[in-house]
Amino acid sequence: MKINKFVLIVLGCFSFHSIHAVEEVVVTSAILSKSASEIPDPIHIVSGDDISTEATQSLGETLDDLLGVSTADYGSAVGQPIIRGMSGSRVKILDNGIVNRDVSGLGADHFNDIDLGNAQQIEVVRGPSSLLYTNGTIGGIINVVDNSIAMENVEQMFKVGAETQSVNDGDTQTLFFQDNINNLNVSFAYKNTSLGNYDVPNGAIMHEEEEHHDEDEDHDEHEEEHEEHEEDVGFLANSDFESESMKFGASIVDDNGYLGFSISSVESSYGIPFHGEGHEGHGDEHGDEHGDEEEGHDEHEGERIFTNTQSDKFDIKGSQSLDSFDFVNSVDFFFRDSEYSFTEQHAEEEHEEEEHHDEDEHDEEGHDEHEGHSEGPTTFTNDSAEAGFIFDLSNDLVSQKLSLNLVNEDTSIFGAEAFMNPASRDEATIGYYLSRSFNDFEIDFGVRYDTIDNKGSVSSAHEEEHHDEDEEEHHDEDHDEEEHHDEHEEMEVDYYDKSFNSSSIAFNIGRQLNDYVDVNLGFASVERAPSSIEMFMNGAHLATGRFEVGNVNLDSETSNNIDLSVNINNGNFFAIATVFINDVDNYIYLQDETEEEHEEHDEEHEEGHDDHGGLTLANYLQQDAELDGYEIEFGNTFDLASGELTLSFGRDEINGEFTNGGNIPRLNPARNIYKLKYSQDDMTFGLMLKDVEEQNDIGLGETPTAAYEMLNAKLTKSFDLGNQSKLTLSIFGNNLTDEVARNHSSYVKKEVPLPGRNYGVRFNLTF
C-alpha cells in the first residue's frame, strides 16, 4: 500500500502517550450537521454499536434487515444496497458526506469500496436533504459516517477488536486510535479481514440436466446421480474475500471552525463465484461426476477466478465561520482525490496449455477456445476529483443551505474482457435546502440543478464482403482469434459527447397531530442522467453471464415519488407505516433476450453470423414505469424481570410494472420480519426471523425465486474492566436452520446461493 509506512510511523509516534478513560462521542450527521434524531427524513439510522457487534459483511448485507432496504449480493464480498427497488447509480453511497466513486456501478460483481471498521453510524436518507449532496438520488443516499476528520476536539481512545466466523473460517482484526495532541486531533484506523469459501446448505448448488447429461439418459438415473451430487457439495467455490484497510486523519478545531485531512487505502482480493456461461461455482472435486469438457462442459469449470482492488483517497474538509458577512454564517468545504482500480484475472495454474490450448481436441468436439469468455486480466480504473462548498444561510426564522459541486471522473477498462471503451464525466451542480418549523408543522424543501457531460465511444465490428467465403475455410483451420479478426472484421469507433441538464425538487411536510402521533407527506421529482455503462457498454459481461449493449440515445430518467407515513409512539407501543408511489419517466433497465431469441442467435451463428459467445444478449432500454409499495412496523415493550422485552413485526413490499406492460426485473419479493429483543443492564439478546416470500412477478427472461426463512440470533454482553475500560463480547448465529436461500435481485441467484449456517464471536476492547 502507498500509505502503510507513513501511517504506521505516525501511529508509533502517538503511541508513547498514556492511554486513559474515553468519553462517549456524540456523532453528528454529515447530513445538514444534525444529530441522527434531528434528521427530518431518514428511512433508517444504524448505530456504530450495532455495526461493531455484527458479523463482518458487505454494506448491503449490513442494511438488508431494514424495512425498505435490501441487497443485490454476489458472494460474501459484494452486496450492493437497494432502496425501495432502486439500486446502482440510483442509490449514492457517501463516505462522510462525499460520494464514494469506485466502480461498483460497472458490474454486479464489483463491491462498494466502503470500510465499516470504524463506522460511527450509517444514515439511509431520502427526500429534500439528499439533494444537497449529490445528483441522481432517485433511490436516496447511504452515508457512512466516521470521525477520521474530527469536527470537535476528541478525547483519547484506543480500541482493538477481533472476530471469527464458522461459515467461511473467517477472521477479522480491527484497531482504532484517536487523541488530541497539542490541539491537533489525530486518528488511525486499521482493519484486516480474511474469509474463505463459504459453506452452503445441502442442495443449494444447482446444475442443469443438459449441462451434465446426455439427452437420452434415463431420467431416474439422472435424478439419483443429481441427488448424490447435492450431498457432496458443501461450499461455494471462489466465494472467498480478503481485505486490508488503513485510514489516518488529522484536524485542528477552534472557535471559528475546523480544518483537517485524511488519507485512506483499501486493498482487497476476492473470488468470483460465477463467470460466464457454464460456471456453476462448485469445486474441482465435483466436476468429474457430471461430465467433462469433451461432452460440452465449460472449459473453465473449477478454475480460480478472482479480483484484486486498490483504493486510495485523499480528503480535505473544513468549516469556517463568516460572521462578517450579512447573509452567510459559515461555509463548509471539501476536496477529494481518489484513485480506484479493480483487476479481474484467472489463476495461471488453471490455464495449462494441455487443458485449454489443444486446438485439435476443440475442433473435434466443436469448441472454440474463446467461446463465452476471454482469458487474462481485465482492469477497471476510476480516477476522480471532486470539490464542494456548502454555505449556511440560516437566520432566526429559517434554516437554509446552498451547495456548489464540481466533479471530474475518468473511467477505463482494459484487458481481455474489456466491455466498454474509456469514458469521462464532468459535473457542475448547485443545490439549495430549506427547513422551517411553525406551529405544529415542519417543512423541508430542496432543489438542485446539474449540468453533466458524458464522453465516451463505442466500438463495433464490421464484416468484409468475402466473410462467408473465408468463414468455411477458417472452420477447418485452428481457431486463431487474432487471425480471424484481422481477416474478417474491421473495428469502427464512434465517439460521443452527450450533455444533460437535470433539475430536481423535493418537498416534505410533517405535522404533529398530538403527543404521540405525527404524519409526514413527501414529494420528490428527481432527474438522473444515464451512467457511462448504460450508454457505452458494448461487450461480454461475464460476471452477469450476458452480452450487454448500451444505448447512447438514452434520455435522463425522472422519478416522481410521493410517500405518506404515520408514526405512533405511545409509551411502550410504537408503530410506523409508509406507503409510496414512484412514477419513473424513461426508466432505464437491462432487458434480457428471451430463450427463443437466444436460440435464434445461436442458429444465426451456425450460419456464419456474429454471435455473443453463448451469452444472453441484454440491451439497455428505457420506458415509463411505476413502482409502489409499503413498509409497516409495530411492536410493544414489556417489563420482564429486571429488564425489557420488545416484540415487533415488520413487513415491506414493492411492485413494479412498465406502463406498456410487464414487470420490472429483479425486484425483491415481500418480506415479513419478526424481532425479539431483551435488554437487561449491560446484556442484550436479539432474535430475528426474516420470512421472504416467493417471487413470481418476474420480468421478461427472468426465473421465479422460491420462498425462504432466515433465523438469526445475537447475544451482546459488556464487561467493566475498571479504570473506565470496557470489553464488549458478541456471539451471533445467522441462518440457524441452514436454509437454502436465493436473492431474487441477484444476477446470479441460481449459481450463487446465500451462505449456510454461520456461528461467530466478536469482541471489542476499549481503553
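The values are calculated or read from the model by the stated rules, or taken from the named source; none is laboratory data. Given the structure is predicted, the values throughout are model-derived calculations rather than measurements. Note that each Cβ is placed from the backbone with ideal geometry, even for glycine, and that neighbours are counted across all protein chains shown.
Inspection of segment 409-426 identifies no residue that is over 26 Å from the mean Cα position of the chain (by Cα) and either part of a strand (DSSP E or B) or at pLDDT below 95 (or both). For segment 534-545, a residue qualifies if it is closer than 23 Å to His346 by Cβ and either over 21 Å from the mean Cα position of the chain (by Cα) or at pLDDT 80 or above (or both), and the qualifying residues are Met537, Asn538, Gly539, Ala540.
Residue count for segment 100-138, restricted to those that are at pLDDT below 90, of a type in the set (A, V, I, L, M, F, W, C) and farther than 21 Å from Ile654 by Cα: 9. Within segment 167-192, can you find the residues that are under 20 Å from Asn147 (Cβ atoms) and among the hydrophobic types (A, V, I, L, M, F, W, C)? Passing the criteria: Leu175, Phe176, Phe177, Ile181, Leu184, Val186, Phe188, Ala189. In segment 123-146, how many residues are β-branched (Val, Ile, Thr), outside any loop (DSSP other than H, G, I, E, B), in contact with a helix residue (DSSP H, G or I) (Cβ under 9 Å, 6 or more places away or on another chain) and buried (at least 24 other Cβ atoms within 10 Å of the Cβ)? Looking only at that region, the number is 3. Looking only at segment 733-755, residues that are surrounded by 21 or more Cβ atoms within 10 Å (Cβ to Cβ) and more than 21 Å from the chain's Cα centre (by Cα) come to 1 in all.
Where in segment 514-576 are there strands (runs of 3 or more DSSP E), lying wholly inside it, with at least 3 residues that are crowded, with 19+ Cβ neighbours inside 10 Å and polar (S, T, N, Q)? Step through it out loud before you land on a result.
Values: elements: 517-528, 538-541, 546-549, 557-570.
Once the strands (runs of 3 or more DSSP E) in segment 514-576 are filtered for at least 3 residues that are crowded, with 19+ Cβ neighbours inside 10 Å and polar (S, T, N, Q), what remains is 557-570.
Against the numbered list (1) modelled with pLDDT of 95 or more; (2) surrounded by fewer than 17 Cβ atoms within 10 Å (Cβ to Cβ); (3) outside any loop (DSSP other than H, G, I, E, B), Leu721 comes up short only at (1). For segment 183-199, the tally of residues that are closer than 30 Å to Asn153 by Cβ and assigned to a strand (DSSP E or B) stands at 9.
Would it be correct to say that Glu751 is within 30 Å of Gln591 (Cα to Cα), in contact with an Asp or Glu (Cβ under 6 Å, 6 or more places away or on another chain) and touching a residue at least 60 places away in the same chain (Cβ under 8 Å)?
Working: within 30 Å of Gln591 (Cα to Cα): yes; in contact with an Asp or Glu (Cβ under 6 Å, 6 or more places away or on another chain): yes; touching a residue at least 60 places away in the same chain (Cβ under 8 Å): yes.
Answer is yes for this residue.
Note on segment 688-714: residues that are closer than 15 Å to Asn758 by Cβ and surrounded by fewer than 17 Cβ atoms within 10 Å (Cβ to Cβ) total 1. A count restricted to segment 387-442 and to residues that are of a type in the set (Phe, Trp, Tyr), touching a Gly at 6+ places or on another chain (Cβ under 9 Å) and surrounded by fewer than 16 Cβ atoms within 10 Å (Cβ to Cβ) stands at 1. Applying a threshold of 6 Å to beta carbon distances and a minimum spacing of six or more residues, or different chains, the list of pairs starting in segment 697-710 at a residue that is part of a loop (DSSP other than H, G, I, E, B) and ending at one that is loosely packed, with under 14 Cβ neighbours inside 10 Å reads Ile698/Pro704; Gly701/Thr594; Pro704/Asn696; Ala706/Glu694; Ala707/Glu694.
Residues in segment 665-686 that are buried (at least 17 other Cβ atoms within 10 Å of the Cβ), at pLDDT 95 or above and hydrophobic (A, V, I, L, M, F, W, C): Ala670, Ile673, Phe685. Here segment 315-336 is the region considered, the condition is being surrounded by fewer than 16 Cβ atoms within 10 Å (Cβ to Cβ) and either acidic (Asp, Glu) or part of a strand (DSSP E or B) (or both), and the residue that is nearest to the chain's Cα centre (by Cα) is Ile316.
Within segment 674-724, the set of residues being touching a Leu at 6+ places or on another chain (Cβ under 7 Å), of a type in the set (A, V, I, L, M) and more than 15 Å from Thr737 (Cβ to Cβ) comprises Leu676, Leu721.
In this structure, does Glu375 turn out to be part of a loop (DSSP other than H, G, I, E, B), out of contact with any Ser or Thr (no Cβ under 9 Å at 6 or more places or on another chain), surrounded by 15 or more Cβ atoms within 10 Å (Cβ to Cβ) and modelled with pLDDT under 90? It is true that Glu375 is part of a loop (DSSP other than H, G, I, E, B), out of contact with any Ser or Thr (no Cβ under 9 Å at 6 or more places or on another chain), surrounded by 15 or more Cβ atoms within 10 Å (Cβ to Cβ) and modelled with pLDDT under 90.
Look at Ser730 and say whether it is within 20 Å of Phe649 (Cα to Cα), modelled with pLDDT of 95 or more and in a strand (DSSP E or B). When the stated conditions are applied, Ser730 does not pass them.
Among the residues of segment 669-690, at least one is over 19 Å from Thr53 (Cβ atoms) and in a loop (DSSP other than H, G, I, E, B).
In the set Val552, Val566, only one residue is within 24 Å of Glu653 (Cβ to Cβ) and modelled with pLDDT of 90 or more; that residue is Val566. Being under 28 Å from the mean Cα position of the chain (by Cα), in a strand (DSSP E or B) and surrounded by fewer than 17 Cβ atoms within 10 Å (Cβ to Cβ) is a condition met by no residue of segment 635-647.
Conditions (1) touching a Pro at 6+ places or on another chain (Cβ under 8 Å); (2) crowded, with 24+ Cβ neighbours inside 10 Å; (3) at pLDDT below 85, marked per residue:
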site: Phe248; (1), (2), (3): no, no, no
site: Ile252; (1), (2), (3): no, no, no
site: Leu259; (1), (2), (3): no, no, no
site: Ser269; (1), (2), (3): no, no, no
site: Gly281; (1), (2), (3): yes, yes, yes
site: Glu285; (1), (2), (3): no, no, yes
